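Peer 1: Structure incoming, see below.
The values are calculated or read from the model by the stated rules, or taken from the named source; none is laboratory data. The structure presented is a predicted model; accordingly, all values stated were derived computationally and were not measured. Counting neighbours? That spans all protein chains shown, and the Cβs are built from the backbone with ideal geometry, glycine included. With ligands, DNA and RNA removed, areas are computed over all heavy atoms of the protein, side chains included. Shrake-Rupley method; radii C 1.70, N 1.55, O 1.52, S 1.80 Å.
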Amino acid sequence: MTGEPARAGRPTRAPDADPRLAVSVQGVSKEYALGEERVVALANVSLNVDRGVFLALAGPSGSGKSTLLNMIGCIDTPTRGRIVINGRDVSGRTPDELAALRARTIGFVFQTFNLFPVLTAYENVEYPLQHLPEIGRRERRERVLHFLDVVGLADYARHRPNQLSGGQRQRVAIARALVAHPQLVLADEPTANLDHRTGRNILRLMRRINRATKVTFIFSTHDPQVIRMADRRVDLEDGEIVRLGVRARKEWSYAFERAAEPPAFADGETQPGR
Amino acid sequence: MRFLWTIPWFAIRNLLREPRRSAMALAAVTFGIVALMLASGFIEWIYYDLRESTIHSKLGHLTIARPGYLEAGRADPFAYLLPADTAALQRVRSTPHVREVAPRLYFSGLVSHGETTVSFVGEGVQPSLETDLSRAVLIEQGASLRDDDPKGVLFGAGLAQSLGVRVGDTVVLLANTPSGGVNAVELVVRGLFTTVSKAYDDSALRVPIAIAQTLLRVQGAHAWIVLLDDTSNTDEVAKVLRQELPHDRFEVTTWYAQADFYRKTVSLFSKQVGVVRLIIAAIIVLSISNTLTMAVLERTGEIGTSMALGVPRRRILAQFMAEGTALGLLGGVIGLVLGFLLALAVSAIGIPMPPPPGMAHGYIGQVKVTPDLAASAFVLATVTAIVASVYPAWRASRLAIVDALRHNR
Ligand SMILES: Nc1ncnc2c1ncn2[C@@H]1O[C@H](COP(=O)(O)OP(=O)(O)OP(=O)(O)O)[C@@H](O)[C@H]1O
Ligand SMILES: [Mg+2]
């Protein structure tokens, strides 16, 4: 814990270079054109994420969790607003620049695991390193073996994804997400395709890694059990942040909670939503 | 760059995921190469056969004559006679790759048998030097000319027919002499011949060169016909001879410069082979791009994953290009082997062909796959495969990551 819990998801515009921030989402909107209509997936969302937190994005289906994760993961671009990753504003970058940024600073864990079926567990974990020329052969090998060990799959290195259970696949995916030593791991509903027990184990593994490595984790979920394992939570509804929570011991304390009527903030700068 | 080697490996494994589809694409490439090799191999054989027949019936590989004879000699043949024998002839004989140098004296006149008289084009030849040089002059009836038979004449089959002569008949040849007079000799028909050119057979006759010289009252010959050990040496030897023989007295002309029919045939068939190539290229393009488009569609989710993990677009492009290239190369190699084997088999059996227009005989076709031809078939298939993969690969590399990822569901 950082000792300043209200930062968890403090909806402010912080300076880009604040070294305590892993991610800063600043007034981000995402709109889709569906024929004549405009679908607002995210509406002027602002959010600061401290380094090293284990943050859950909660909210009903269609509330914009995936959309927000995609923006933070630099795999989609906001209609308005800015995303700052690690103190670097990522707007206006070319696809190749974003690819290089993702390769080195962001790990992804997917709901559907997304392992390459033709590659073994070892090769799947190795895959992201193949595009990082700065990492030599030996180090590559050491890292892959290390992270397979971390996720408890040292004995499954030669297995193909279809020879692994769902939980094991997601472990491989976690090892893959970590192998490039990212500062941030994003997981969109990592447990949705797993049974409860396996899902919780996956979350425990992620949290253990989070504690041990201080890598920031942001994951989305529907599952209240899973939300309970986070130390910060951001609740979304209709593309807006409706609640920001910090967990101390077993209890959530809410830094911000939207009432039926949005509270009147004196300082418009600190207002979430529109 | 350092990890480029992983691309082909990944490509092959991806191809093996859909063995049936990959096999289909491979089969298309293989079929393309085989078809191209057989089609152009057959035509190559026709070229070869026509070329060698042309060389071995009339032209030899090289013709050495007085400068200007080939263009203007018909009008004034006596102005272009080569000396009977010289050091130059010796020099030609001793040039590497030269197998035979045979003198020819060309003339024309009238030939009569009984009441009938027709015009002819004649060639005086030295029979002992013609055995191999004229091996495509096929003796249909009777026998060939001999050095010790000064009174013999060979008739083209068509000419014999229009004059109504048979082997053993006596004929009279009339020709102009340089002084403007007319001279005649009486000869016995020893045999009838046919060549690749029916037009030639309809008007030509051959006599020993000594008789021709007597008839025309001249010495020497119009041309020395040079036979080489191999047709592919034609240009090389022509170059050497052009350097060695004095330009003002000798002109060296290659067979192909005179073989009009051969050149026209080649250009006609080459166009046809061009069409075959185009069709085959189209087949390969369609099948490879279809295969890759399917692969891109199917693996859209994986492409999204790769891109999310930070793989740059160019690498995605390279990956799919590698798959197309692998199909092209592999299909190419299989096609080459299969093509060679089939060409051997077809040649062993033979393709019976009817007589082409202007020729006297049908023939047994073969398939002649030269290294050049095999290489160009291989290059066509692989290059086409690579080109065909550009578009699908490019499409793959331009997918929007978020949309691509959605395909994993
Ligand atoms: N490509 C798109 N085109 C149009 N609308 C979209 C697109 N992607 C998302 N949306 C819309 O944006 C809104 C937010 O979607 P998002 O996927 O972020 O929700 P979510 O919170 O992740 O939902 P779930 O829990 O079901 O995954 C939804 O209304 C959705 O219909
Ligand atoms: Mg979602």
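Peer 1: Going Cα to Cα from B:K198, which lysines come in below 20 Å? Please leave out same-chain ones fewer than 8 positions away.
Peer 2: B:K58, B:K264
Peer 1: State the antiparallel share, in %, of DSSP beta bridges confined to the protein assembly as shown, rounding to the nearest 5.
Peer 2: Working: 73 of 100 bridges.
If I count the DSSP bridges inside the protein assembly as shown, around 75 percent turn out antiparallel.
Peer 1: Separate question: Whole angstrom only: what separates the Cα centroid of segment A:164-235 from the Cα centroid of segment B:311-375?
Peer 2: One Cα centre to the other: 55 Å.
Peer 1: If you roll a 1.4 Å probe over the heavy atoms of the protein chains, what accessible area per residue do you get for the protein assembly as shown, in Å²?
Peer 2: Each residue of the protein assembly as shown exposes 46 Å² on average to a 1.4 Å probe.
Peer 1: Between A:S61 and B:N408, how high is the FRET efficiency from 1/(1 + (r/R0)^6) when r is the Cβ-Cβ distance and R₀ = 25 Å? Nearest 0.05.
Peer 2: 0.90
Peer 1: Here is a further query. Go ahead and run the numbers for FRET between B:D148 and B:D169, Cβ-Cβ distance against an R0 of 22 Å, rounding to 0.05.
Peer 2: 0.60
Peer 1: Shielding of A:116-123 by partners, i.e. mean partner chain Cβ atoms within 10 Å per residue?
Peer 2: Per-residue shielding by partner chains comes out at 4.
Peer 1: Among residues other than B:V189 whose Cβ falls under 10 Å from its Cβ, what is the net charge (Lys/Arg +1, Asp/Glu -1)?
Peer 2: Counting the neighbours of B:V189, the net charge comes to +1.
Peer 1: At 0.36 nm per residue, minus the direct Cα-Cα distance, what do A:E134 and A:D18 gain on full extension? Give it in nm, one decimal, please.
Peer 2: Details: separation 116, 0.36 × 116 = 41.76 nm, distance 2.75 nm.
Additional length available on full extension: 39.0 nm.
Peer 1: If you don't mind, another one. Suppose a student asked you for the relative contact order of chain B, using Cα pairs under 8 Å spaced at least 6 residues apart; what percent would you report?
Peer 2: Once normalised by length, the contact order is 27 percent.
Peer 1: Here is a follow-up. How far apart, in nm, are two points set 7 Å out from the Cα along the Cα-to-Cβ line at B:V337 and at B:M294?
Peer 2: My value for the distance between the label points is 2.4 nm.
Peer 1: Under 21 Å from the Cα of B:K271, which lysines turn up, not counting those fewer than eight places away in the same chain?
Peer 2: By straight Cα distance, B:K271 reaches B:K368.
Peer 1: Measure off 7 Å from each Cα along the Cα-to-Cβ vector at A:E37 and A:H222, then give the distance between these two points in nanometres to one decimal.
Peer 2: A separation of 2.0 nm, rounded to one decimal place.
Peer 1: Follow-up question, since we're still on this one. Average the reciprocal distances over every distinct pair of alpha-carbons in segment B:67-249, invert the result, and give the Kirkwood radius in Å. Kindly include the intermediate steps, with their values, before the conclusion.
Peer 2: Values: mean 1/r = 0.0583 Å⁻¹.
After inverting the mean inverse Cα-Cα distance, the result is 17.2 Å.
Peer 1: Grab the other residues whose beta carbon is less than 11 angstrom from that of B:Y47, score K and R as +1, D and E as -1, and report the net.
Peer 2: Net charge in that neighbourhood comes out at 0.
Peer 1: Here's another thing I want to ask about it. Could you name the lysines whose alpha carbon sits less than 17 Å from that of A:K30, not counting residues in the same chain fewer than 8 places away?
Peer 2: Straight-distance partners of A:K30: A:K65.
Peer 1: Here's another thing I want to ask about it. Add +1 for every Lys or Arg and -1 for every Asp or Glu among the other residues with Cβ under 14 Å from the Cβ of A:E142, and state the total.
Peer 2: +2
Peer 1: I'd like the antiparallel share, as a percent to the nearest 5, of DSSP beta bridges with both residues in segment B:67-249. Don't jump to the answer; show the numbers that get you there.
Peer 2: Numbers: 33 of 43 bridges.
Among the beta bridges of segment B:67-249, antiparallel pairing accounts for roughly 75 percent.
Peer 1: Compute the angle between helix B:19-54 and the longest alpha-carbon principal axis of chain B, please, reported from 0 to 90 degrees and rounded to the nearest 10.
Peer 2: 10 degrees
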